[in-house]
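The values are calculated or read from the model by the stated rules, or taken from the named source; none is laboratory data. The model shown is predicted, which means the values in this text are computed figures rather than measured ones. Ideal geometry is used to build each Cβ from the backbone, glycine not excepted, and the neighbour counts take in all protein chains shown. For the accessible areas, the whole protein counts, side chains as well, though only heavy atoms, and no ligand, DNA or RNA atoms are used. Shrake-Rupley method; radii C 1.70, N 1.55, O 1.52, S 1.80 Å.
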Amino acid sequence: ARKKFLKSPSTELRNILDMFIAFALAFPKIKFTLSHNNKILFNLNKTESLLTRASFLLNESIINNLIPVLNNDSYIKINGFIAKPQYTTQSTSKQFLFVNNRRIQDKTISQAIKDSYSSLIPDRQLPVFLLFISIPFELVDVNVNPRKEQLAFHSTQTIYNAVYKSIKDTLDNNNLTFGKNNAYSPITKST
């Protein structure tokens, strides 16, 4: 029944790769293998390190520009990596956001991250990030989207504030004083 809705083989492979990368990043302690047409595309051993796992899945230039984020101060835990302001993108494809280990897309969280960079990146550029947010299950509703890619939060302002503060503090603590008028290296869509 689904066959008539399939896209081109390359598009379907891209969709599979996106899902594979999301699962592999969310669960680095699990071994993952992906093959296509009898060719192994990925053979990822389990690891304790998110950065080690990410180094096999993401562009080397992304890995070289990441700084760690760690905020375990409240009931909303935030950890992962953000890219230095000099390294931006024009596409959301290099923004990896996980809530309770589920990859999602959320405008509130994305806006909080973008706002925390404020004058550090050009207006039309987007920050690159690999962030994991852990929040009590009773404060989030995963049933607002059939594919569960979007969430509803009990308090969007609370989640916005927590993410904004975590990213802003990380940027401030790393003394990143890059401004909009400085040169920057945007990522192309192909990376």
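Is there a residue being in contact (Cβ under 8 Å) with a residue 60 or more places away in the chain and of a type outside the set (Val, Ile, Thr) anywhere in region 35-52? Yes, the conditions are met somewhere in region 35-52.
Of the strands (runs of 3 or more DSSP E) that lie entirely inside region 2-97, those containing 2 or more residues that are over 15 Å from residue 132 (Cβ atoms) span 32-36, 39-44, 87-89.
Residues of region 51-79 that are over 20 Å from residue 120 (Cα atoms) and open to solvent by less than 30 Å² (accessible area, probe 1.4 Å): 53, 54, 57, 58, 71, 76, 78. I'd like the residue in region 16-47 that is within 22 Å of residue 100 (Cα to Cα) and among the charged types (D, E, K, R) and, out of all such residues, is most open to solvent (accessible area, probe 1.4 Å). Per the stated criteria, the residue is 46. Among residues of region 117-139 that are under 16 Å from residue 63 (Cα atoms), those with a beta-carbon under 7 Å from a residue that is open to solvent by less than 10 Å² (accessible area, probe 1.4 Å) and not in a strand (DSSP E or B) at least six positions away or on a different chain give the pairs 127/113; 127/117; 127/121; 128/62; 129/113; 130/25; 130/54.
With respect to (1) loosely packed, with under 13 Cβ neighbours inside 10 Å; (2) among the aromatic types (Phe, Trp, Tyr); (3) closer than 27 Å to residue 121 by Cβ, the lone exception for residue 5 is condition (3).
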